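Worksheet: the structure to be examined is printed underneath.
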Amino acid sequence: MTDAVLFDARDDGIAIITINRPEQRNALGKDVRDGLFAAWDRFEKDPALRIAILTGAGEKAFCAGGDLKEMVETGMSVPARDMFPIPYDNIELTKPTIAAVNGVAFAGGWMISQACDLCVAATHAKFAITEVKVGRGSPWAAPLIHMIPQRIFMEIVLTGKPITAQRAYEIGLVNRLAEPEALMDAAIELAREVLDGAPLSVKAARETVMLSTEMGRGAALQAARAAHELTYNSQDAQEGPRAFAEKRKPEWKGR
């Protein structure tokens, strides 16, 4: 890890990953990219950590995207497949993630917030896919068709114009809004709500959502049944109903 990306492994199973280049609007320079690859790897390998929150330092920018100066200096054409750290794409993760968007999320900033499973945004945050403004491309935006309506998707990528956090919430891109000073508290609250669930059930539920975006109805149902078998056969599947009947909080074992 470097000071470009901070990693806070909390005792409650939550990891907080912070892009720490506010003076550069938390752009995805090489130091940030390297730091994010290392942070996601650390999160995935630590069994005590069950969910991660990705955010940016400061109040102005979550992440302003790629480093355009670097693109000019290197004459970059098509980015290397492993250049940008994208959760669940070129980074293998099996645990849920939350983007806590504390300011602008433009271009690559939208990309990494979109890649997270859930999103909490500060009320002053803005989102934009600005690539048409600088002659670049946004192939990574393709999964948006499963997240927002087609006409809205089309307008966003064709115009490159920003949308407000409120608009992002209205179209389903953002799960929850919070005042800037309460953003991290809201993200942690959402993380804790996920952590209240049985670990194997949460894992299978997340897999079901992703399977449903990849398959037709029948195939997704069949794959989802297989994904939930381990959950149904676990100790936690007996503990949950028992705790409910005994009117107590369940003690999850994750097995």
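The values are calculated or read from the model by the stated rules, or taken from the named source; none is laboratory data. Keep in mind that what you see is a predicted model, and the values were worked out from it rather than measured. Cβ placement follows ideal geometry from the backbone for every residue including glycine, while neighbour counts extend to all protein chains displayed.
Among the candidates E70, E59, E44, the residue that is touching a residue at least 60 places away in the same chain (Cβ under 8 Å) and not aliphatic (A, V, I, L, M) is uniquely E59.
Just for segment 21-32: of the residues that are in contact with a strand residue (DSSP E or B) (Cβ under 9 Å, 6 or more places away or on another chain) and surrounded by fewer than 21 Cβ atoms within 10 Å (Cβ to Cβ), which one is nearest to I188 (Cα to Cα)? Among residues in segment 21-32 that are in contact with a strand residue (DSSP E or B) (Cβ under 9 Å, 6 or more places away or on another chain) and surrounded by fewer than 21 Cβ atoms within 10 Å (Cβ to Cβ), the one nearest to I188 (Cα to Cα) is P22. When G172 is tested against (1) small (G, A, S); (2) at pLDDT below 95; (3) surrounded by fewer than 21 Cβ atoms within 10 Å (Cβ to Cβ), just one condition goes unmet, and that condition is (2).
Within segment 101-110, the residues that satisfy the criterion of being at pLDDT 95 or above and assigned to a helix (DSSP H, G or I) are G109, W110.
Taking segment 33-57 as the range and being of a type in the set (A, V, I, L, M, F, W, C) and either surrounded by fewer than 22 Cβ atoms within 10 Å (Cβ to Cβ) or modelled with pLDDT under 95 (or both) as the test, the residues that pass are F37, A38, A48, L49, A57.
Within segment 58-100, restricting attention to residues that are in contact with a Leu (Cβ under 7 Å, 6 or more places away or on another chain) and among the small types (G, A, S), which residue is modelled with the lowest pLDDT? In this case the residue turns out to be G66.
Condition check ((1) within 16 Å of G66 (Cα to Cα); (2) touching a residue at least 24 places away in the same chain (Cβ under 8 Å); (3) charged (D, E, K, R); (4) in the same structural domain as V174 (by TED's automatic domain parsing)) across all residues:
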| site | (1), (2), (3), (4) |
| --- | --- |
| F127 | yes, yes, no, yes |
| T130 | yes, yes, no, yes |
| K133 | yes, yes, yes, yes |
| S138 | yes, yes, no, yes |
| L144 | no, yes, no, yes |
| I148 | no, yes, no, yes |
| I152 | no, no, no, yes |
| E155 | no, no, yes, yes |
| G160 | yes, yes, no, yes |
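Could we say that R206 is modelled with pLDDT of 90 or more, under 19 Å from A115 (Cα atoms) and not aromatic (F, W, Y) here? Reasoning before the result, please.
Working: modelled with pLDDT of 90 or more: yes; under 19 Å from A115 (Cα atoms): yes; not aromatic (F, W, Y): yes.
Taking the combined requirement at face value, the residue satisfies it.
Restricting attention to segment 176-202, the residues that are among the basic types (K, R) and outside any helix (DSSP H, G or I) total 1.
Residues in segment 203-252 that are in contact (Cβ under 8 Å) with a residue 40 or more places away in the chain and either in the same structural domain as K95 (by TED's automatic domain parsing) or outside any helix (DSSP H, G or I) (or both) were compared, and the one that is nearest to the chain's Cα centre (by Cα) is W252.
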